[in-house]
Amino acid sequence: MNQQLLAKTFVELADNLVADFDLIDFLRLLTDRCVNMLDASAAGVLLADHDGKLRVMAASDEQVRLLELFQLQSDEGPCLEAFRTGTQVIVPDLTREVDRWPRFATAAHRSGFGAVQALPMRLRDETVGALNLFRAAPGSFDPVGTPIAQALADVATISLLQQRSAHRSTVLNEQLQNALNSRILIEQAKGKLAERQNVDMERAFTTLRSYARAHNRRLSDVARAFIDGSEPLPGLAA
């Protein structure tokens with residue numbers, strides 16, 4: 001494991017009390033680093049909205065995003081269980097969990113995943129969501145990697161709750177609602193860019209994100225400008 005990258009990740013997840021905090025980019029950082037550093041093929045994050053309903057907020061690739069959406073639509077799966085119980089759900093072999101989650105286990109297998117661990121994003125008695133780590137091959141998870149993944153989820157949870165506390169004088173979940181709205185914009189921009197540049201959805205997202213970072217702009221603002229054509233975006237809209 002890259003110790004320097006791990007330390008950098010903890011710092012990045014903790015350093016969030018800034019005016020232009022971008023929740024979508026923050027959560028995508030969490031999923032990407034889990035895949036890069038831990039024994040995971042893909043990762044996703046689900047967060048609860050103001051009604052307590054889970055929403056897909058980040059995924060390391062398009063395939064796992066669709067699987068997470070299916071998990072919510074089917075109302076079954078490890079991430080929901082981790083969120084509802086506030087405990088880790090570790091499944092080394094999804095083929096043995098067909099009776100437990102008949103629709104999800106089948107869909108996960110079809111998507112190429114053989115194992116999963118779901119980690120609650122929880123601070124004391126408040127659970128805000130869950131982090132899902134998928135692996136292609138079945139088998140036991142790294143006993144060192146799981147505590148690190150939970151630590152990353154814990155730090156991210158503290159950061160999210162700090163952000164909410166900082167804005168508690170307005171609306172507790174305003175930021176999450178804005179992020180949900182931003183997610184819709186980003187998905188629309190991904191589709192438009194993927195069609196225009198003839199690339200897949202994941203490549204389109206990476207292009208949008210890289211452009212936003214290179215120009216020190218919020219991802220949602222770039223997505224909105226690209227969709228409505230309200231301003232030139234050199235190198236992106238060509």
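The values are calculated or read from the model by the stated rules, or taken from the named source; none is laboratory data. What you are looking at is a predicted structure, and each value in this text was computed from that prediction instead of being measured. Virtual Cβ from ideal backbone geometry, glycine too; neighbours counted across all protein chains shown. Heads up: the accessible areas ignore ligands, DNA and RNA and are worked out on the full protein's heavy atoms, side chains in. Shrake-Rupley method; radii C 1.70, N 1.55, O 1.52, S 1.80 Å.
Is it true that residue 40 is in contact with a Cys (Cβ under 6 Å, 6 or more places away or on another chain) and part of a loop (DSSP other than H, G, I, E, B)? Explain how you work it out, then say what you get.
Numbers: in contact with a Cys (Cβ under 6 Å, 6 or more places away or on another chain): yes; part of a loop (DSSP other than H, G, I, E, B): yes.
Considered against the rule, which asks whether it is in contact with a Cys (Cβ under 6 Å, 6 or more places away or on another chain) and part of a loop (DSSP other than H, G, I, E, B), residue 40 comes out as yes.
Using the structure shown, decide if residue 113 is open to solvent by less than 40 Å² (accessible area, probe 1.4 Å), in a loop (DSSP other than H, G, I, E, B) and under 29 Å from residue 209 (Cα atoms). Can you show your working first?
Numbers: open to solvent by less than 40 Å² (accessible area, probe 1.4 Å): yes; in a loop (DSSP other than H, G, I, E, B): yes; under 29 Å from residue 209 (Cα atoms): yes.
Taking the combined requirement at face value, the residue satisfies it.
Do you know which residues across segment 191-221 are within 17 Å of residue 28 (Cα to Cα), over 16 Å from the mean Cα position of the chain (by Cα) and open to solvent by less than 40 Å² (accessible area, probe 1.4 Å)? Please lay out each step first, then the result.
Start the filter on segment 191-221 by keeping residues that are within 17 Å of residue 28 (Cα to Cα), which leaves 201-214, 216-221.
Keeping just the survivors that are over 16 Å from the mean Cα position of the chain (by Cα) gives 203-204, 207-208, 210-214, 216-218, 221.
If the condition is that a residue be within 17 Å of residue 28 (Cα to Cα), over 16 Å from the mean Cα position of the chain (by Cα) and open to solvent by less than 40 Å² (accessible area, probe 1.4 Å), then 204, 207, 208, 211, 212 are the ones that fit.
Inspect segment 39-46 for any residue being open to solvent by less than 60 Å² (accessible area, probe 1.4 Å) and in contact with a Pro (Cβ under 9 Å, 6 or more places away or on another chain) and give the result as yes or no. Outline the logic, then answer.
The initial filter retains those residues of segment 39-46 that are open to solvent by less than 60 Å² (accessible area, probe 1.4 Å), namely 40-46.
Then keep just the ones that are in contact with a Pro (Cβ under 9 Å, 6 or more places away or on another chain); that gives none.
No, that holds for no residue.
Hey, could you check segment 1-37 for residues that are open to solvent by less than 40 Å² (accessible area, probe 1.4 Å) and assigned to a loop (DSSP other than H, G, I, E, B) and say which is modelled with the lowest pLDDT?
16
From the list 119, 80, 131, which one is under 21 Å from residue 48 (Cα atoms) and part of a helix (DSSP H, G or I)?
Numbers: 119 fails: part of a helix (DSSP H, G or I); 131 fails: part of a helix (DSSP H, G or I).
Just one listed residue meets the conditions, 80.
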